Amino acid sequence: MKTHVQHPLTDFVEYPPQQMLARAEAFYSDIKRRHSIRKFSSRDVPQSIIETCIKAAGTAPNGANHQPWHFAAISSKEVKRQVREQAEAHEQRFYNGGAGEQWLDALKPLGTDAQKPYLEDAPWLIAIFSQKKGGIEQGQKQQNYYIHESVGIATGMLITALHTAGLVTLTHTPKPMSFLSKICKRPDDERPYMLLVVGYPAEDATVPDHALKKKSLEQIASFL
Ligand code: IYR
């Protein structure tokens, strides 16, 4: 059997350069409004929106197209309560010295602490898992490749999709995160990658001044 069947590219859309620039500028001014939010409203968000954003994330480029990710979308109040309880216990140790002085100093401008009420307030938590083994077909146990890169890109696309849909997010990485595997009933060959908090901002949500300082193009890019 031929294993390298190719299809003509039929869905590429070309824009004139001027329109390309206008589109790039429009995207930039929209994505500039993405902020990590730590105060969430408890307003519900329909599951269909979350599903569509996860489908968008699932189109991310990845190693050998094994798509080495799993998204556990949590809206159950009881499961969110368990996540908060465990995350806060770990964060307590982290902020009480576990992180080390240097790390805690770096976090000071963000004003974060061990209290994570948003883990219960927000309508959705999305626990993202990376898969060491898998393959393109369900149930395969082949080696996966570029796992961190793949899951990182998919996570970025998920954040972008959720922002574009009109929601706010927080990337949360309690340390260690292994409790998420248990709560989400994920298998041993998957690792928790990140917890995304998703919903509407609370009316008194804020953005730390520190987070608004973005490096200039000159600082982040070179053109050769
Ligand atoms: N996970 C902790 C600490 C934390 C770490 C980094 I690096 C941040 O950019 C923000 C927070 C917490 O969520 O509080």
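The values are calculated or read from the model by the stated rules, or taken from the named source; none is laboratory data. Just so we're clear, the structure is a prediction, and the values are computed from it rather than from any experiment. A quick note on method: Cβ atoms are made from the backbone with ideal geometry, for glycine too, and the neighbour counts reach across all protein chains shown. The protein model used for the area step is the full one, side chains on, heavy atoms only, and it has no ligands, DNA or RNA in it. Shrake-Rupley method; radii C 1.70, N 1.55, O 1.52, S 1.80 Å.
At-a-glance table
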item: Pairs with Cβ under 6 Å, 6+ apart, first in the stretch 166-190 and over 18 Å from His90 (Cβ atoms), second more than 16 Å from the ligand (Cβ to nearest atom) and of a type in the set (A, V, I, L, M); result: Thr169/Leu162
item: Members of the stretch 115-137 that are within 20 Å of the chain's Cα centre (by Cα) and among the small types (Gly, Ala, Ser); result: Ala122, Ala127, Ser130
item: Failed item, numbered, when Gln82 is tested on (1) touching a helix residue (DSSP H, G or I) at 6+ places or on another chain (Cβ under 7 Å); (2) surrounded by fewer than 14 Cβ atoms within 10 Å (Cβ to Cβ); (3) modelled with pLDDT of 95 or more; result: (2)
item: Scope the stretch 202-224; condition among the polar types (S, T, N, Q) and either within 16 Å of Ile31 (Cβ to Cβ) or in contact (Cβ under 8 Å) with a residue 40 or more places away in the chain (or both); matching residues; result: Thr206
item: Subset of the stretch 53-79 (residues that are in contact (Cβ under 8 Å) with a residue 40 or more places away in the chain and exposed (fewer than 14 other Cβ atoms within 10 Å of the Cβ)); result: Thr59, Pro61, Asn65, Lys77
item: Restricting the stretch 137-186 to residues that are open to solvent by less than 20 Å² (accessible area, probe 1.4 Å) and not in a helix (DSSP H, G or I), the residue that is farthest from the ligand (Cβ to nearest atom); result: Asn144
